[in-house]
């Protein structure tokens, strides 16, 4: 049966969930900037060319026909969002933004963007509407009732940088046409009905900065290419992914800052490789079925602010160094089977930063009943790969310069996989 997180656990990861709850496009996202921009659910300024909502030119005939095709595909417009879409001056249409032609074509002014967010439109997004808007730099259609498949014609939008189709009723497999948009920076498909497996090419797409796929029906294993992505923000929460957390990593400049895996069906160990993400600020692995001991390499996450591993099946003692992370503001290990914590973690608990309720720590309040702890099979024979030695691989050695891939060799065998195309692979050898 699919498990849904209770409210009290969601509060523990409130900073991460702000990335999930208010669809609104942006790019070059940082934790503070993203949260600040999305609290009110309003889209921040586009990073594309600055268009104007009304211009003296009426735009081209092809654009007029495309917009009329979009209007014809809408069967309900309860807020009158398209009531102004009449006549030949498309730049006067509400939600349509025009700008100077980027290619010096016959039309001096072209349709550069569409923003129909939160219009509650019912209908579809036809290929004819997309194909005739060749100069779009952003397409914002979140919080409507658009259904069907995503049009294949998106692949022809060479200037498109922001695509927000979140909070609609789109379905079908991951829209591969989006991978062929050459300038795409921001991709938001949250809160739809997409299903099937993710193509590995998604995380290999150059230039992509933010990928929001949470609250769909995606399944299968998460591609190993995830850690080679140039994206800074990736949300995969509330799907049906199975298998392990990807352990193959390539720093790709160390750009990734926020990754949400929560509420899937992930199994296996927390991989050592997660400790080698130099820029990570938010990492949420909660509400899965991860097991084994936590790797000591997590203490290398010097920039981490939110780390949530609650509601898994993790065992052993919590690594001391994990509670010494200097920037941590929310560390939740609640509802696992940890058997011990250190005084360092106690200090975090006193500051309401650390949540360890529902574990098996003797003599502590709000822990599991002892019979439940005694009856838990633990790792059940599962062998978690752990780098040998008294300390994790040196954090400073892992924090290499931007664009250089990193590999770790354990006993002469590669651990993970070098990534990135710039520079060479730097190998940290552990005897």
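At-a-glance table
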item: Test for residue 242: is it under 25 Å from residue 376 (Cα atoms), at pLDDT below 95, in contact with a strand residue (DSSP E or B) (Cβ under 9 Å, 6 or more places away or on another chain) and part of a strand (DSSP E or B); result: no
item: Residue pairs meeting the criteria (Cβ under 6 Å; at least 6 apart or on separate chains; first under 11 Å from residue 234 (Cα atoms), in the stretch 250-262; second at pLDDT below 80); result: 260/16
item: Only one of 299, 286, 291 that is closer than 23 Å to residue 347 by Cβ and more than 16 Å from the chain's Cα centre (by Cα); result: 299
item: Matching residues in the stretch 107-135 - criterion: being in contact with a strand residue (DSSP E or B) (Cβ under 6 Å, 6 or more places away or on another chain), in a loop (DSSP other than H, G, I, E, B) and buried (at least 22 other Cβ atoms within 10 Å of the Cβ); result: 121, 125, 133, 135
item: Extreme residue, nearest to residue 255 (Cα to Cα), among residues of the stretch 271-281 that are in a helix (DSSP H, G or I) and touching a strand residue (DSSP E or B) at 6+ places or on another chain (Cβ under 8 Å); result: 276
item: Unique residue being more than 25 Å from the chain's Cα centre (by Cα), over 19 Å from residue 297 (Cα atoms) and touching a residue at least 60 places away in the same chain (Cβ under 8 Å) when the list is 376, 356, 337; result: 376
item: Tally of residues being more than 35 Å from the chain's Cα centre (by Cα) and under 24 Å from residue 162 (Cβ atoms) across the stretch 93-107; result: 3
item: Residue that is farthest from residue 376 (Cα to Cα), among those in the stretch 304-318 that are free of Cβ contacts under 8 Å to residues at least 40 places away in the same chain and within 24 Å of the chain's Cα centre (by Cα); result: 304
item: Selection count where residues are buried (at least 18 other Cβ atoms within 10 Å of the Cβ) and not in a loop (DSSP other than H, G, I, E, B), scope the stretch 72-91; result: 3
item: Hits in the stretch 299-309 - residues which are farther than 17 Å from residue 273 by Cα and in contact with a helix residue (DSSP H, G or I) (Cβ under 6 Å, 6 or more places away or on another chain); result: 306
item: Unmet criterion (only one of (1) under 18 Å from the mean Cα position of the chain (by Cα); (2) surrounded by fewer than 21 Cβ atoms within 10 Å (Cβ to Cβ)) for residue 142; result: (2)
item: Selection from the stretch 254-270 of residues that are out of contact with any strand residue (DSSP E or B) (no Cβ under 8 Å at 6 or more places or on another chain) and either within 22 Å of residue 376 (Cβ to Cβ) or assigned to a strand (DSSP E or B) (or both); result: 263
item: Strands (runs of 3 or more DSSP E) wholly inside the stretch 137-220 containing at least 1 residues that are touching a strand residue (DSSP E or B) at 6+ places or on another chain (Cβ under 8 Å) and more than 23 Å from residue 95 (Cβ to Cβ); result: 169-173, 193-196, 210-212
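The rows are residues; the columns are (1) crowded, with 20+ Cβ neighbours inside 10 Å; (2) touching a helix residue (DSSP H, G or I) at 6+ places or on another chain (Cβ under 7 Å); (3) modelled with pLDDT of 95 or more.
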residue	(1), (2), (3)
177	no, yes, yes
184	yes, yes, yes
194	yes, no, yes
198	yes, no, yes
204	no, yes, no
209	yes, no, yes
213	yes, no, yes
216	yes, no, yes
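The values are calculated or read from the model by the stated rules, or taken from the named source; none is laboratory data. Remember, it's a predicted structure, so these values are computed and weren't measured experimentally. Note that we place each Cβ from the backbone using ideal geometry, even for glycine, and neighbour counts take in every protein chain shown.
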